[in-house]
Amino acid sequence: MTLLRHTRGGEITERQALTINPAKTCQPVGAMYAALGIHRCLPHSHGSQGCCSYHRSTLSRHYKEPVMAATSSFTEGSSVFGGQANLLQAINNIFTVYQPDVIAVHTTCLSETIGDDIPQIAEKAAEKDLIPAGKSVIHASTPSYVGAAPTGFANMTAGMVKYFSESTSPNKIGGRVNVIPGWVEPADMREIKRIVAAMGLESIVFPDTSDVLDCPQTGVHEMFPKGGVTVDRLRAAGDSAVTIALGPVCSEPAAIELTNQCGVPHATLPLPIGLEATDRFILELRKYNGGVVPREITDERGRLIDLITDMHQYFYNKTAALWGDPDQLVSLSEMLLTVDILPKYVVTGTPGKKFLRRMGDVLQDRKSEVQVRQGAGADLFLLHQWIKNEKVDLLIGNTYGKYIRRDEGIPLVRHGFPILDRVGHQFFPTVGYRGAIRLLEQVLEALMQRQDDECSEERFELTM
Amino acid sequence: MSESSTTSDPLRGGDASVTPAVVREQLLRDYPAKTKKKREKQIVINDKQRDEDGSLQLPVVAANTRTVPGIITQRGCCYAGCKGVILGPTRDIVNIVHGPIGCSFYSWLTRRNQTHTPTDEHDNFMTYCFSTDMIEENIIFGGEKRLRQAIQEAYDLFHPKAIAVFSTCPVGLIGDDVHQVSAEMKKQLGINVFAFSCEGYKGVSQSAGHHIANNQIFKHVIGEDDTTRSQWSINLLGEYNIGGDAFVIEDLLERCGIELVSTFSGNSTYDQFANAHMARLNAVMCHRSINYVADMIEKKYGTPWIKVNFIGANATAKSLRKIAEYFDDRRLTENVERVIGEEFPAVVQAQRKYRPRCSGKRAVLFVGGSRAHHYQELFRELGMETIAAGYEFAHRDDYEGRRVLPSIKIDADSRNIEELRVDADQEKFRESDRQKGIAREKQGYTLREYDGMMAEMKDQTLIIDDISHSEAERLIRMVRPDVFCAGIKEKYSVQKMGVPCKQLHSYDYGGPYAGFAGAINFYEEIDRMVNARIWSRVQPPWENGSPAAESKSPLPASMAESEENTN
């Protein structure tokens, strides 16, 4: 029996109001994830209890890790009179009981509709002496009816700059780069730090969820694990030579903020997923280290090229359907085209002006063979309808794709958020040349396993 | 006088200094004064006293009160209780969430309600997520037009029997009239369309959503189909088919010859709800989430209700017997005894295998509105003791028993949730069923009774309502339980402390745990968890205190020997 039995191909009618099987979720979860990347920070959801519960649950399922966050626990009363009393009480409880260095408040559709003014409430908390010396309450405005999870991440990351970054001198520190990694996995953030260090540069990476959401089992639960960017480092980001924002949606707003606030110039690059995007990242870093690329990095690139040349026949002329967040989709599409897989269908529910243009840049002469959809109506239901009308060889996206995989018999490579049913994403990076090797290895495994499963006995190959 | 002699039993095996009073004090220690005052009423020692007339007196638990902001609660919201819990498991209703995308996204397939459709021709919308995906413009100018359009589009694409609409927080604030829109669309489309005002901020937890869901299903669906049901027909209320529990119970009932008219709402369909009033008895599994429906059906249609529990082999046998006893028929009694007889040998065999491996170990349970009680049965069958427990969203009656119902005060948060006025239905009320209930009661049979969690727990155990993260962490440090039962948000912090955590919302993607077969599954699962080798390997062998650090040779004995031999 089929799982998505009501999805049919044929003529597709445009929907005006109904989203079915979304390819996005709301802003606050992105803000919560970003805030977890600050050292000794407790994210705080200013809204009803359910928001916080849902976001913690989803992040916990994705990382198989504790996700600590608090909520203002709105009741009907707070919805009428505003959530100030709740937030003040929460701030007092959190600093008294959990003692974080930072409380990172993000708003919700409820508190935004009411119009709660978080900075004003935080000021009140300070007046009432509820914020201990040296501790901070920061905030980001993340109404769920604007943007999507990646913009929530972007807003909270920009908030880190707004609240902490300082320029102490017009002379910036050469050889020190800020890197905003975008919404990637803890393993990716770790890998980005390794690459920058291998390039001989000092980095301030923020947010940084490595050693927060990939913690070892030690028999001790650290409420605030050792990872995360410290407030001191966020402060110091204002004196770095440059900011490299990886991914325009998730990272550029914070980079712009740093430029405006502290005069740190910035460059916005696509997420370094795949060969070309990683090349661009290395070329950018090379601008600040005297123009060298160490052998280590060149060898990693060479191994990636080697894998692609060796296995090109299995990639060639295959087609893929992709869904997820814009920054990921652009780089993934480019990576697939590099190995001659066509990203035939691409959908994201996340709005944003530049996505279609960026996809166009990546697709170039193959634009006419590809369907790209964004925003309202760009959901997994539509994607599945397209697949019903013309199949693809591969699915790349989050766990929700497993229902299409099973019904259509198309292999799925899990990438993006959330991944609820497998491990690996938190441990193995997909950024950089080594990450690309991992991703392409997964793509090959999916395609070749399918060949092994489905070919006739006489065509069953020992060596591939 | 105290009920048992276990008063001085320390919570922590062997350590007499860890008394319930000491633990309680530590849990409360660092709270600001106002928070402490609130939490004091929700952390109580189960001090069981007997009155002179022998009736049990229990301390009051300030349950179903507001969560203190910032304490890191387990609780979710009203919407989660309404859409996620009650309506989520019904497969053939298109559930449209009216709001921004998140609420619908997070309740998309995440509760593990299983459903079984006979063929592909039967509707199943549970794999789909429907949302009006409101954007800023809809918040400013209102979202009714968008909702109307979304209902139309859902109808055009899926032609369902019924469409339900769920309000999220901002919808309540901007004042979209979801009920009016639903009524209009019902008229226009000719199918049942109804709405739930289950905004997340209502009430103090998921529990408010259960009540709102129950009310609307009662108003809009139950009573639509008067098809007659057999003399031994029941509804199973408050069983949500997590991990296939309902399948196990369905099988048992069928083999006993008991007709299951509907389940609220595991593995359920719209038509079952519509016909539910024709069952002759209601069996309530999760008292917290659904006792409202049982009460309302009884008032309107005359159907008596009883409390059952299919978690635990003994509880299952007892519940089946209780149903048979109500119908009071020799053939049914024989059927039930035959089925219990068929099932029990495997249970006994499993208990023989797992009891010695689990006996004496200690469990704590902080979950739900009935599971923290029901699952104590299974631990008891394994010879394990529950030393502390509490609910996430239950009310006082779930702790202290229904006899405290008259003394529960209505507060600002509960007043906001509609209490339906229900009268006997002039045409459909079955006086014969009412009379049967009365007659059975006269013979000593107990109807609509639930004694709650505390009466069954040992004297001087700890009861913690709406436990916070800091309380959970301190409790673990002080009493070192062998297993901690909670949900996904607690799972990994508990395990990081070296204690296995069993999720009793999602069953950790396992189950079923209901009935006899489920009990056996659970024994095996708990054995796996409390005896897994890996917990003793957490400390690296080169760190102080680990057994390997004391050993002289890093080699296993067999290899060390061969080394000696060659020398």
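Observations on the structure shown:
- Flag if A:GLU65 is more than 7 Å from chain B (Cβ to nearest Cβ), among the acidic types (Asp, Glu) and farther than 27 Å from B:GLY99 by Cα: no
- Total residues in the range B:75-115 satisfying the condition of being over 20 Å from B:ASP133 (Cβ atoms), under 14 Å from the mean Cα position of the chain (by Cα) and more than 7 Å from chain A (Cβ to nearest Cβ): the figure is 7.
- Selection count where residues are open to solvent by less than 10 Å² (accessible area, probe 1.4 Å) and either within 20 Å of A:HIS39 (Cβ to Cβ) or in a helix (DSSP H, G or I) (or both), scope the range A:264-281: 3
- If you go through the range B:156-185 and keep only what is out of contact with any Leu (no Cβ under 7 Å at 6 or more places or on another chain), open to solvent by less than 10 Å² (accessible area, probe 1.4 Å) and free of Cβ contacts under 8 Å to residues at least 60 places away in the same chain, you end up with B:SER182, B:MET185.
- Residue check, A:SER79 closer than 26 Å to A:GLY134 by Cα and either open to solvent by 10 Å² or more (accessible area, probe 1.4 Å) or facing another protein chain (nearest Cβ under 7 Å) (or both): no
- Among the residues of the range B:507-522, the ones that are open to solvent by 20 Å² or more (accessible area, probe 1.4 Å) and in a helix (DSSP H, G or I) come to 5 in all.
- Number of residues in the range B:483-519 that are farther than 28 Å from B:ARG352 by Cβ and among the aliphatic types (A, V, I, L, M) equals 4.
- For the range A:42-62, the criterion of being of a type in the set (A, V, I, L, M, F, W, C), closer than 17 Å to B:THR67 by Cα and open to solvent by less than 10 Å² (accessible area, probe 1.4 Å) is met by at least one residue.
- Among the residues making up the range A:1-27, those that are under 30 Å from A:GLY227 (Cβ atoms), of a type outside the set (Ser, Thr, Tyr) and either at the interface with chain B (Cβ under 7 Å from one of its Cβ atoms) or touching a Pro at 6+ places or on another chain (Cβ under 8 Å) (or both) are A:LYS24, A:CYS26, A:GLN27.
Matching residues to (1) closer than 30 Å to A:ARG357 by Cβ; (2) out of contact with any helix residue (DSSP H, G or I) (no Cβ under 8 Å at 6 or more places or on another chain):
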| residue | (1), (2) |
| --- | --- |
| A:GLU185 | yes, yes |
| A:ARG190 | no, yes |
| A:MET199 | yes, no |
| A:ASP211 | no, no |
| A:THR218 | no, no |
| A:PRO225 | no, yes |
| A:CYS250 | yes, no |
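- Pairs, first at positive phi in the range A:281-303, second at pLDDT 95 or above, C-beta under 9 Å, six or more apart: A:GLY290/A:GLY200
Residues checked against (1) farther than 19 Å from B:ALA389 by Cα; (2) at pLDDT 95 or above; (3) surrounded by 13 or more Cβ atoms within 10 Å (Cβ to Cβ):
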position	(1), (2), (3)
B:ASP482	no, yes, yes
B:GLU524	yes, yes, yes
B:ALA549	yes, no, no
B:ASN565	yes, no, no
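- Residue in the range A:393-400 that is among the charged types (D, E, K, R), touching a strand residue (DSSP E or B) at 6+ places or on another chain (Cβ under 6 Å) and not assigned by TED's automatic domain parsing to the domain that holds A:LEU269 present: yes
- Positions within the range B:446-458 being open to solvent by 10 Å² or more (accessible area, probe 1.4 Å) and within 16 Å of B:PRO20 (Cβ to Cβ), in sequence order: B:LYS458
- Matching residues in the range B:195-253 - criterion: being crowded, with 24+ Cβ neighbours inside 10 Å and hydroxyl-bearing (Ser, Thr, Tyr): B:TYR201, B:SER205, B:SER207, B:TYR240
- Residues (assigned to a loop (DSSP other than H, G, I, E, B) and surrounded by fewer than 19 Cβ atoms within 10 Å (Cβ to Cβ)) located in the range A:336-350: A:ASP340
- Cross-chain or 6+ apart pairs with Cβ under 7 Å, the range B:192-207 first and in contact (Cβ under 8 Å) with a residue 24 or more places away in the chain, then aromatic (Phe, Trp, Tyr) and not in a strand (DSSP E or B): B:CYS198/B:TYR79; B:GLU199/B:TYR79; B:GLY200/B:TYR79; B:TYR201/A:PHE74; B:SER205/B:PHE393; B:GLN206/B:PHE393; B:SER207/B:PHE393
- Which listed residue, of A:LEU447, A:LEU439, is of a type in the set (A, V, I, L, M, F, W, C), over 25 Å from the mean Cα position of the chain (by Cα) and assigned to a helix (DSSP H, G or I): A:LEU447
- When the test is whether a residue is open to solvent by 10 Å² or more (accessible area, probe 1.4 Å), without any contact (Cβ under 8 Å) to a residue 24 or more places away in the chain and within 30 Å of A:ILE387 (Cβ to Cβ), A:ASP310 passes it.
- Failed item in (1) under 24 Å from B:LYS37 (Cβ atoms); (2) open to solvent by 10 Å² or more (accessible area, probe 1.4 Å); (3) under 25 Å from the mean Cα position of the chain (by Cα), with A:ILE103 passing the rest: (2)
- A residue that is out of contact with any helix residue (DSSP H, G or I) (no Cβ under 8 Å at 6 or more places or on another chain) and assigned to a strand (DSSP E or B) occurs somewhere in the range B:55-70.
- Count of residues meeting criterion [within 14 Å of another protein chain (Cβ to nearest Cβ), assigned to a loop (DSSP other than H, G, I, E, B) and not hydrophobic (A, V, I, L, M, F, W, C)] in the range B:393-422: 3
- Flag for B:THR263 being at pLDDT 95 or above, among the β-branched types (Val, Ile, Thr) and open to solvent by less than 10 Å² (accessible area, probe 1.4 Å): yes
- Test: residue in the range A:129-142 that is of a type outside the set (Gly, Ala, Ser), under 21 Å from A:SER331 (Cα atoms) and touching a residue at least 60 places away in the same chain (Cβ under 8 Å): no
- Within the range A:352-430, helices (runs of 4 or more DSSP H) holding 2 or more residues that are open to solvent by less than 40 Å² (accessible area, probe 1.4 Å) and either away from chain B (no Cβ under 14 Å) or of a type in the set (A, V, I, L, M, F, W, C) (or both): A:355-363, A:380-389
- Some residue of the range A:438-453 being surrounded by 21 or more Cβ atoms within 10 Å (Cβ to Cβ), under 22 Å from A:VAL347 (Cα atoms), at pLDDT 95 or above and in contact with a Lys or Arg (Cβ under 7 Å, 6 or more places away or on another chain): no
- Every residue from the range B:49-74 that is more than 18 Å from the chain's Cα centre (by Cα) and within 11 Å of chain A (Cβ to nearest Cβ): B:THR65, B:ARG66, B:THR67, B:VAL68, B:PRO69, B:GLY70, B:ILE71, B:ILE72
The values are calculated or read from the model by the stated rules, or taken from the named source; none is laboratory data. Note that the coordinates shown come from a computational prediction; the quantities given were computed from them, not determined experimentally. All Cβ positions, glycine included, derive from the backbone under ideal geometry; neighbour counts span all protein chains shown. The area values use the complete protein model at the heavy-atom level, side chains included, leaving out ligands, DNA and RNA. Shrake-Rupley method; radii C 1.70, N 1.55, O 1.52, S 1.80 Å.
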